[in-house]
Amino acid sequence: MIEAVKRGKGPGIQLNLANCLTLFRMASAPVLVVLLLVDSGPPGLIGDYGKVVAIFLAFVAGLTDIWDGRIARAQKTVSTFGKFCDPVADKLLVTALFVCFVDLGRMPAWICILILFREFAVLGLRLLLAGTGFVMTPTRWAKYKAIFQISAAIAIMIPLDLQVLIFSGDLAVPTVSMLYYAQIAVYTTYVALVFTLVTGLEYFVLYWHHLE
C-alpha cells in the first residue's frame, strides 16, 4: 500500500504537493473554528489573539485554493482525489468561517444559509454525478467565487482583529477607519453572495443533463 501511494497507483491517495495543499485546507477548517470561537484570553476581545492568528491562517488556506490546481496541472499530477476534494475543501473552509461569523454577530444568518444551501446543493450534484462515474470539475467562475468568499472572510476578520488589538491596548485606530473597514466587509460579502448563487445555478445548467 505504501508503494502504491508513493507511485500514485492503486487505491492510495497520491501524496503530491497539490493534494497536500488540498488536505491542508481541509485541516485548517476546524483549527479556524477553535481560533475564532474559543477565547485565547479573558472573556471578551481583550487579549483574544487567536482571532488575529485566524486571519493569517485563512489567508494561507485561501492561497492554497489558488495554487493546488495550478501546481497539479504544471506537475501533471491531476488526480480524481484532487478533482473531487478540492471543491470539498473549499466548502469545509467556507462553512467553518461563515458559521463562526454568524455566531460572532459578524454576518447575517440569512446570508450564511443561502451560501451553505448553494454549497451543499452543488455538493449533492457532485455526489450524484460521481455515482455515474462522472467527475464534475470546478468552472472558471466557481474559482472566482472561491476567491470572493475568502476575500469576504478576510474583510470580515479585519475589523474584528482591529477591535482585539484596540481593546488589548496594542493599537489605536480612528473610528472613521473602523467604519470604512466594516463597509468593505459588507460590500465584499454581498459580492461573494451573488457569485455563490450565480455559479451554483451555472453548475446545474451545465451538468444536470449528465444525470439523465
Given 104, 149, 132, which one lies farthest toward the positive end of the charge dipole of the chain, if we put +1 on the Cβ of every Lys and Arg and -1 on the Cβ of every Asp and Glu?
132
Between residue 170 and residue 137, what is 0.36 nm times their sequence separation minus the Cα-Cα distance? Round to one decimal in nm.
7.4 nm
Hey, what angle do you get for helix 109-131 against the long axis of the chain, alpha-carbon based, 0 to 90 degrees rounded to 10?
10 degrees
Specify the angular offset, from 0 to 90 degrees and rounded to the nearest 10, of the alpha carbon long axis of helix 17-37 from the longest principal axis of the alpha carbons in the chain.
30 degrees
Which value in Å is the Kirkwood Rh of region 38-188 over different Cα pairs?
17.1 Å
Give me the distance between the Cα centres of region 113-182 and region 50-65, rounded to whole Å.
11 Å
Under the Karplus relation 6.51 cos²θ - 1.76 cosθ + 1.60, θ = phi - 60°, what is the ordered set of whole-Hz ³J(HN,Hα) values for region 74-86, x standing for Gly and Pro?
5, 8, 6, 10, 4, 9, 4, 4, x, 4, 7, 7, 4
Quick one: dipole size for region 106-212, taken about the Cα centre, charges +1 on Lys/Arg Cβ and -1 on Asp/Glu Cβ, in debye to the nearest 20.
160 debye
Gain upon complete extension [residue 208, residue 123; 0.36 nm per residue less C-alpha separation]
29.3 nm
Using a simple charge model, +1 on the beta-carbon of Lys and Arg, -1 on the beta-carbon of Asp and Glu, nothing else, what dipole does region 13-211 show about its Cα centre, in debye to the nearest 20?
720 debye
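Tell me, what is the FRET efficiency for residue 37 and residue 183 to the nearest 0.05, using R0 = 30 angstrom and their Cβ-Cβ distance as r? Intermediate results must be reported in sequence, preceding the final value.
On the way: r = 25 Å, r/R0 = 0.83.
Efficiency, from the Cβ-Cβ distance: 0.75.
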Cut-off under 5 Å, modelled amide H: who pairs with residue 134 long-range
none
Averaging sequence separations of C-alpha pairs under 8 Å and six or more residues apart, then dividing by the length of the chain, give the relative contact order as a whole percent.
23 percent
What are the ³J(HN,Hα) couplings of region 193-206, residue after residue, when phi is run through the Karplus curve with 6.51, -1.76, 1.60 and θ = phi - 60°? Round to Hz, x for glycine and proline.
4, 4, 4, 5, 5, 5, 5, x, 5, 4, 4, 5, 5, 6
In region 13-211, if the dipole is taken from +1 on Lys/Arg beta carbons and -1 on Asp/Glu beta carbons about the Cα centre, which of 88, 211, 26 is farthest to the positive end?
211
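The numbers here are math on the coordinates, done by the rules we state, and not lab data. These figures come from a predicted structure and were not determined experimentally. So basically every Cβ, Gly included, is an ideal-geometry build from the backbone, and we count neighbours across all protein chains shown.
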